[in-house]
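In what follows, a structure is listed as C-alpha cells, so that the remarks can point back to it.
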Amino acid sequence: MNGKDYTKMWEGLGLNIENHAGLLGVLTNAYKDIYLSQNNRPAAMEYFDFVISEVHGLRIEEIIAAKEAGRKVVGTFCVYVPEEIVLAADGLCIGLCAGAEVGSEEAEKFIPRNTCALIKAFMGFKLSGLCPYVETTDLIVGETTCDGKKKAYESFNEITKKVYVMEIPHMKTDEDKKLWLSEVKRFKDRIEGLSGKKLTVDALKKGASVANEKRKALQRLSRLRAADPAPISGLDALLVNQVSFYDDPLRFTSMTHKLCDELSDRASKGTGVADKGAPRILISGSPMAIPNWKLHAIIEGSGAVVVGEESCIGERNHRDLVDESFSSVDDAMEKISSRYLGIDCACFTPNTERLDNIKALVERLGADGVIHYSLQFCTPYMMESYKVEKAVTEVPFMRIETDYSMEDFGQLKTRVEAFIEMIQ
Ligand code: BJ8
C-alpha cells in the first residue's frame, strides 16, 4: 500500500475490517515470498507490483470516483461477457473471480462442499465481507457455462440482488449462433438500461478498439514468451494476465507494452529469467484467478519455466480480436457475438478447436511438456483432459487436479519435479 489509510472507504463498502486486515496481511506475505523473491525480474514489473499493493486501495478509490462521475460498474466471471459493450457505455468491466480459499464455511451454507474452488471463493469472499470489487458493482453478470456456476448464481442473486445471467449455448450450430446473438443483443439492451446511454456505432467502435488494444498487448506478451531463454517468468506473465481483468484498460495496455518493450530488448540480448534450454511448460485448463499462483510457483521453483497458459486467464481471453469493421449497431452485434462464440471453453461440445489450439501453442511457444490443470470438481476441464492427453503427442503430458489449499503442495511438488526430470 502507499501508506494511505483506506479504512473509511472499506467501512463504507461494508467490509469486515478485521478479517480484511488479516487477508491483506496474508496476501502481502505471499506476494513477497512468491513474487518479490524471484531473480532477474523485468524492471517494468514494478508497475504490476504497485497494482497488487493497491489492489484493495487505490483501484477501489478510482472505481468509486468513476461511479460518482456517473459511470456504471459491471462485474463478470467469464470471458464470454462482451466487454466492448460495457466499455461502449463508458462503463467499467471488472473480473470478480477469486483465487484464494476464503469463506468456504460461509459458502457451504449455499452450495455443496464438492463445488470447485473458484465458485466457492467468489461466494466466500462476498459472504465474509472481503471483496470491495463486488460491493462497487452496479450489475453482476453470470452465465450458463458449467452447472456449478449456473446454480451458484441463483444463490448469489439472493445475496446480492444484482445478478443478470446470459445464456451461453453449449454447442455451436446455426441455431446456437442465433441464440447467442440474441443474448448479446439482450445484454446490450440491459447495459443501455443500466447506463441510460443508447449505444451508437461510434461508441461500439470505441469500446471494441479499447478491448482489442488490450488483447493485442497481451498477445504481444504471449509471443515474447516464445524466446529461449524465457525473458519473463510464468509467474509474472500470469500476474499481468490476472491484472488485465480489473485494471483500467488504457493504462494497462500502455504498461503492458512498456513491459513488452523491455522483454523484446531482453530477447534480442539473450537475457532471460532461466537458463537457455531450461524445461518449458505449457499449462492448460481451468482458469487461475488472482491470487492463485500455486502451480506456477511449484513449477518454477523446480527449475522449469512456464511459457504459456492455455486458459481463460491467458490465451483464451485474448487470442481473438473483434472485427471492428462494422457499419451499424446490428452489424456490431453480429461481429461481437461471432468473436465470443469462437472461445473454446470446455463447457462446449464438441470442443475440438481447443485441442488444435493447444497443439499450435506447444509448437509456437516451444513447450517441452504440457501440464493439464483442473480445479477439483471442475467437470468440464477434468473430462476434457483425457482428450487433451490423446491430442498432445509431441511432448510429455501430465494431469493435475487440485484446489486452492496448500495441503497438497508437497505432493504436487514431488510429481512436478519427477515430470520435469523426465523431460530434461
Ligand atoms: S469460458 S473456463 S471463464 S466458464 S473452474 S467455475 S468451468 S467448475 S471458470 Fe470459465 Fe467462462 Fe469457461 Fe472460461 Fe465451472 Fe470449472 Fe469452476 Fe470454471
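Numerical summary
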quantity: Residue that is nearest to the ligand (Cβ to nearest atom), among those in the stretch 68-106 that are closer than 12 Å to LEU194 by Cα and charged (D, E, K, R); calculated: LYS72
quantity: In the stretch 339-379, residue farthest from the ligand (Cβ to nearest atom) [restricted to those that are of a type in the set (Asp, Glu) and assigned to a helix (DSSP H, G or I)]; calculated: GLU363
quantity: Some residue of the stretch 116-125 being among the charged types (D, E, K, R), crowded, with 24+ Cβ neighbours inside 10 Å and at pLDDT 95 or above; calculated: yes
quantity: Residue, nearest to THR379 (Cα to Cα), within the stretch 123-154, restricted to residues that are of a type in the set (Val, Ile, Thr) and touching a Lys or Arg at 6+ places or on another chain (Cβ under 7 Å); calculated: THR144
quantity: So PHE110, is it away from the ligand (no atom under 11 Å from the Cβ), touching a helix residue (DSSP H, G or I) at 6+ places or on another chain (Cβ under 8 Å) and among the aromatic types (Phe, Trp, Tyr); calculated: yes
quantity: Subset of the stretch 380-424 (residues that are part of a helix (DSSP H, G or I), free of Cβ contacts under 8 Å to residues at least 60 places away in the same chain and either among the β-branched types (Val, Ile, Thr) or over 26 Å from GLU363 (Cβ atoms) (or both)); calculated: GLY410, GLN411, THR414
quantity: Contacts under 8 angstrom Cβ, first residue in the stretch 191-203 being touching a residue at least 12 places away in the same chain (Cβ under 8 Å), partner surrounded by fewer than 19 Cβ atoms within 10 Å (Cβ to Cβ) and not in a loop (DSSP other than H, G, I, E, B), 6 or more apart; calculated: LEU199/GLU192; LEU199/VAL329; THR200/VAL329; VAL201/VAL329
quantity: Residue match in the stretch 169-181 (condition: within 22 Å of LYS206 (Cα to Cα), at pLDDT 95 or above and part of a helix (DSSP H, G or I)); calculated: yes
quantity: Scope the stretch 20-66; condition over 21 Å from CYS93 (Cβ atoms) and not in a helix (DSSP H, G or I); matching residues; calculated: SER37, GLN38, ASN39, ASN40, ARG41, PRO42, ALA43, ALA44
quantity: Residue in the stretch 148-157 that is within 23 Å of HIS56 (Cβ to Cβ), surrounded by 18 or more Cβ atoms within 10 Å (Cβ to Cβ) and among the hydroxyl-bearing types (Ser, Thr, Tyr) present; calculated: no
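Per-residue answers, yes or no, for (1) part of a loop (DSSP other than H, G, I, E, B); (2) surrounded by 21 or more Cβ atoms within 10 Å (Cβ to Cβ); (3) without any contact (Cβ under 8 Å) to a residue 60 or more places away in the chain:
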residue: PHE245; (1), (2), (3): yes, yes, no
residue: PHE252; (1), (2), (3): no, yes, yes
residue: HIS257; (1), (2), (3): no, no, yes
residue: CYS260; (1), (2), (3): no, yes, yes
residue: ALA278; (1), (2), (3): yes, no, yes
residue: ILE281; (1), (2), (3): no, yes, no
residue: ILE290; (1), (2), (3): yes, yes, no
residue: ILE298; (1), (2), (3): no, yes, no
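The values are calculated or read from the model by the stated rules, or taken from the named source; none is laboratory data. Treat the numbers as computed from the prediction; the structure is a model and nothing was measured. Backbone-built Cβ (ideal geometry, glycine too); neighbour counts: all protein chains shown.
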